[in-house]
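Chemist: Dumping the structure here so I can ask a few things about it.
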Amino acid sequence: MKLHEFQAKERFRAYGLSTPRGLVADSVEAVRAAYAELGGELAVVKAQIHAGGRGKAGGVKLVRSADEAAGVAEALLGKALVTKQNGPDGTIVRRLLVEEGLPIAKEYYVAITLDRQRETPILMASAEGGTEIEEVAERNPGAILREDVDPVRGLAEFRARRVTYALGVPKPLARAFAATLVKLARAFLDDDASMVEVNPLVTTKDDRVICLDGKMLLDDNALFRHPGLSELRDENEEDPTEVRAKAAGLSYVNLDGNIGCLVNGAGLAMATMDIIKLHGGEPANFLDVGGSASAEQVTTAFKIILGDPAVKGILVNIFGGIMRCDIVAQGVVDATKALGLECPLVVRLHGTNMAEGRAILESSGLKITPAGNMREAATKIVEAVS
Amino acid sequence: MSILVGKDTRLITQGITGEYGRLHTLACRAYGTNVVAGVTPGRGGSAVDDIPVYDTVSEAREKTGANATMIFVPAAFAADAVEEAAEAGIELIVCITEGIPALDEARMKRIVTAAGARMIGPNCPGIISPGEKCKVGIMPGFIHKPGRIGVVSRSGTLTYEAVWQFSELGLGQSTCIGIGGDPVIGTTHIDSLALFQEDDGTEAILMIGEIGGTAEEEAAQFVRDHVTKPVVGFVAGRTAPAGKRMGHAGAIIAGGKGTAAEKMEAMRAAGIAVAESPADLGSTMAEALAARA
């Protein structure tokens, strides 16, 4: 689950980290008032959307007067901001963060994430703050420093100091800088984040260490133990169909093609998309009904697939283990009748109770094309929609 | 022959009194697994279909000599259950539970490693050795046939698909391990490949990967350096978009890394026979075996 910048910074402050003074505003008037309340001449107005690349897309502006701030708010609020991360339609800007401008001395990059290869959280840091880490990794991989974060103890102080010195942080600020790293690691662990990124973390000319930006991803699997954090979810930023699917216990991702897929198991669901493509078709979605879906869930899955106007045909691919093929078959028949399905439907059932499942499909009198294996299923559905 | 589970396996189930725990424990026993006990805190002294239930793993181990556990407890309590098993001296911990927080998984892995135990999963279908009639997991037993192919996979149902294709072609399996689709797992592709390479009962290996992380690339490197048996590979998710999690917590192309194309290329470079289509897993294995003969 992604947090907005202003939410991430609230979390940072809860762990004793410094952020610029700022106010969240959702109207031009509120932006004007926020500018006045901050009291300085220089301020920054930042669009609060989940997608990265806001700065280059014009979503972050320096302003020097209340009128200028209001002008920026006028241009951003309620409009779609298109960045290189959020596709051609962009995301509607509903809120702005208005922050004090700071006398920046130097910018650094700091992030904490789970290193899957080493099976431990790690801290990554570079002296090239403000630049995207992927770019630094490509151009100058040696410039990225790494330290292990113990999943229980956190970031050891000596490791924080080692990074701080290696980054060349000026001596008077080194202690505060290292302490910032330790606190960031604590925020990562205690909030069950999957990523915390501060780009840039800055030192100022008046000798402070401040999280100028803040990005935080939370581990969905851990939200059960953070009820307060679950409330930070912004469903406006999520695909409404994916939200609906999740509520029904289904895992769904929308794609660009026209063949809807209904599969049990994530690996088989991906392989089903792959084989459709190999046979010249384009999958419209990833949909995993899970290991033990009910007939109702199958119906919901059909509704979700058919909610995509691009869908011209559906492929059901089930390998029954825990899931029984007769139950899936009944779900397919019920859904087909209830929804008055008209597009081509190819069903491949295999595994537990497959004979009973196939019999249910045959005796239903519906126009369902059976397939004996994945190749046949892919061939038939691609033919049917072309 | 087989790896990790077989005739000597003495299995307990943690979470045996839950719906799934009970269902699958009985299915494992029906397949032939020696199920010696179950554990559910607070239910000690009762029984599930005449399988004795204990309050703690250490008591179950003391009374029954259990050496393996299958864990079904809910995600919120899974890390504790794994630690309890490791602390009690259980050698093989098969964690079926899905949805465990990633940081819990990192902690579990450290605890299991420090205890000298082995974990399979979490978020996995488990492990089965058909020739020794031993199943520790939720896979449908009847699709498997005894034989000499080792299977290691991050997926559940896609593994069943592969096993079924093998069985149809008369290619039986020595052991099939579902290692799970989460970011941090107990037994990796490399661990499994090393065990299969050493196992006299395994003649060839199928490795199924998916998008996300670099485990397949590392495994390919391991195959090049250490595996002399024929290896067939497949990677699910060549059509998956970047930045989207595809069901499994670990199945995500992040920062342009972890694509199926990179993984398949690494496999090919290591001499692995890569199946282009998931419909060709069986035939690619048959060809790999024929080419060697």
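The values are calculated or read from the model by the stated rules, or taken from the named source; none is laboratory data. Here the structure is a predicted model, which means the values were calculated and not measured. Note that we place each Cβ from the backbone using ideal geometry, even for glycine, and neighbour counts take in every protein chain shown.
Chemist: Please verify whether region A:263-280 includes one or more residues that are under 17 Å from the mean Cα position of the chain (by Cα), within 8 Å of chain B (Cβ to nearest Cβ) and modelled with pLDDT of 95 or more.
Modeler: The answer is no, given that none of the residues of region A:263-280 is under 17 Å from the mean Cα position of the chain (by Cα), within 8 Å of chain B (Cβ to nearest Cβ) and modelled with pLDDT of 95 or more.
Chemist: Would you mention how many residues in region A:137-160 are surrounded by fewer than 22 Cβ atoms within 10 Å (Cβ to Cβ), away from chain B (no Cβ under 12 Å) and outside any helix (DSSP H, G or I)?
Modeler: 6
Chemist: May I pose another question? Please work out which one of (1) in contact with a helix residue (DSSP H, G or I) (Cβ under 8 Å, 6 or more places away or on another chain); (2) surrounded by 17 or more Cβ atoms within 10 Å (Cβ to Cβ); (3) farther than 18 Å from residue A:386 by Cα is the condition residue A:313 fails and give its number.
Modeler: Of the numbered conditions (1) in contact with a helix residue (DSSP H, G or I) (Cβ under 8 Å, 6 or more places away or on another chain); (2) surrounded by 17 or more Cβ atoms within 10 Å (Cβ to Cβ); (3) farther than 18 Å from residue A:386 by Cα, the odd one out for residue A:313 is (3).
Chemist: State whether the residues of region B:122-137 include one that is of a type in the set (A, V, I, L, M), free of Cβ contacts under 8 Å to residues at least 60 places away in the same chain and more than 9 Å from chain A (Cβ to nearest Cβ).
Modeler: No.
Chemist: With the checklist (1) surrounded by 23 or more Cβ atoms within 10 Å (Cβ to Cβ); (2) away from chain A (no Cβ under 12 Å) in hand, flag the one item residue B:236 doesn't pass.
Modeler: (2)
Chemist: With the checklist (1) away from chain A (no Cβ under 14 Å); (2) under 19 Å from residue B:157 (Cβ atoms) in hand, flag the one item residue B:229 doesn't pass.
Modeler: (2)
Chemist: Can you pull out every residue in region A:216-235 that is among the basic types (Lys, Arg) and in a helix (DSSP H, G or I)?
Modeler: Correct list: A:225 only.
Chemist: Within region B:169-183, restricting attention to residues that are at pLDDT 95 or above and either assigned to a helix (DSSP H, G or I) or more than 18 Å from residue B:126 (Cβ to Cβ) (or both), which residue is nearest to the chain's Cα centre (by Cα)?
Modeler: Residue satisfying both the conditions and the ranking: B:172.
Chemist: A further question on this structure: Which members of region A:318-355 meet the condition of being buried (at least 16 other Cβ atoms within 10 Å of the Cβ) and charged (D, E, K, R)?
Modeler: A:324, A:326, A:334, A:348 - these are the residues of region A:318-355 that are buried (at least 16 other Cβ atoms within 10 Å of the Cβ) and charged (D, E, K, R).
Chemist: Next up: May I ask you to list the residues in region B:220-256 that are over 23 Å from residue A:273 (Cβ atoms) and not in a helix (DSSP H, G or I)?
Modeler: B:227, B:228, B:229, B:230, B:231
Quick grid of which residues meet (1) over 30 Å from residue A:78 (Cα atoms); (2) of a type in the set (Gly, Ala, Ser); (3) touching a residue at least 24 places away in the same chain (Cβ under 8 Å):
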| residue | (1), (2), (3) |
| --- | --- |
| A:92 | no, no, yes |
| A:111 | yes, yes, yes |
| A:116 | yes, no, no |
| A:135 | yes, no, no |
| A:151 | yes, no, yes |
| A:155 | yes, no, yes |
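Chemist: Filter region A:227-242 down to the residues that are modelled with pLDDT under 95, within 14 Å of chain B (Cβ to nearest Cβ) and touching a helix residue (DSSP H, G or I) at 6+ places or on another chain (Cβ under 8 Å), then identify the one that is surrounded by the most Cβ atoms within 10 Å (Cβ to Cβ).
Modeler: By that ranking, first place goes to A:241.
Chemist: Still on this structure, I have one more. In this structure, is residue A:384 outside any strand (DSSP E or B), touching a residue at least 60 places away in the same chain (Cβ under 8 Å) and touching a Gly at 6+ places or on another chain (Cβ under 7 Å)?
Modeler: Taking the combined requirement at face value, the residue satisfies it.
Chemist: Residues to consider are A:12, A:6; find the one that is more than 14 Å from chain B (Cβ to nearest Cβ), of a type in the set (Phe, Trp, Tyr) and within 23 Å of residue B:254 (Cβ to Cβ).
Modeler: Residue meeting the stated conditions: A:12.
Chemist: A further question on this structure: Looking at B:105, B:83, B:91, which is the one that is charged (D, E, K, R), more than 14 Å from chain A (Cβ to nearest Cβ) and in contact (Cβ under 8 Å) with a residue 12 or more places away in the chain?
Modeler: B:91
Chemist: Is it the case that region A:330-346 has a residue that's within 14 Å of chain B (Cβ to nearest Cβ) and in contact with a Gly (Cβ under 7 Å, 6 or more places away or on another chain)?
Modeler: Looking through region A:330-346, none of the residues is within 14 Å of chain B (Cβ to nearest Cβ) and in contact with a Gly (Cβ under 7 Å, 6 or more places away or on another chain).
Chemist: Sticking with this one: Out of region A:198-226, which residues are under 14 Å from residue A:1 (Cα atoms) and either more than 13 Å from every other protein chain (Cβ to nearest Cβ) or touching a Lys or Arg at 6+ places or on another chain (Cβ under 9 Å) (or both)?
Modeler: A:215, A:216, A:217, A:218, A:220, A:223
Chemist: Exactly one condition in (1) within 30 Å of residue B:241 (Cα to Cα); (2) buried (at least 24 other Cβ atoms within 10 Å of the Cβ); (3) within 12 Å of chain A (Cβ to nearest Cβ); (4) without any contact (Cβ under 8 Å) to a residue 60 or more places away in the chain is false for residue B:161; which is it?
Modeler: (4)
Chemist: Looking at A:202, A:169, A:163, which is the one that is part of a loop (DSSP other than H, G, I, E, B), closer than 21 Å to residue A:143 by Cα and in contact (Cβ under 8 Å) with a residue 12 or more places away in the chain?
Modeler: Exactly one of A:202, A:169, A:163 is part of a loop (DSSP other than H, G, I, E, B), closer than 21 Å to residue A:143 by Cα and in contact (Cβ under 8 Å) with a residue 12 or more places away in the chain, namely A:169.
Chemist: In region B:211-221, what count of residues is obtained for those that are surrounded by fewer than 19 Cβ atoms within 10 Å (Cβ to Cβ), over 22 Å from residue B:242 (Cα atoms) and within 20 Å of the chain's Cα centre (by Cα)?
Modeler: Matching residues across region B:211-221 total 0.
Chemist: Within the set of pairs 6+ apart or on separate chains, which have a first residue in region A:180-191 that is of a type in the set (Phe, Trp, Tyr), a second that is modelled with pLDDT of 95 or more and buried (at least 19 other Cβ atoms within 10 Å of the Cβ), and C-beta atoms under 6 Å apart?
Modeler: From region A:180-191, the pairs are A:188/A:112; A:188/A:196.
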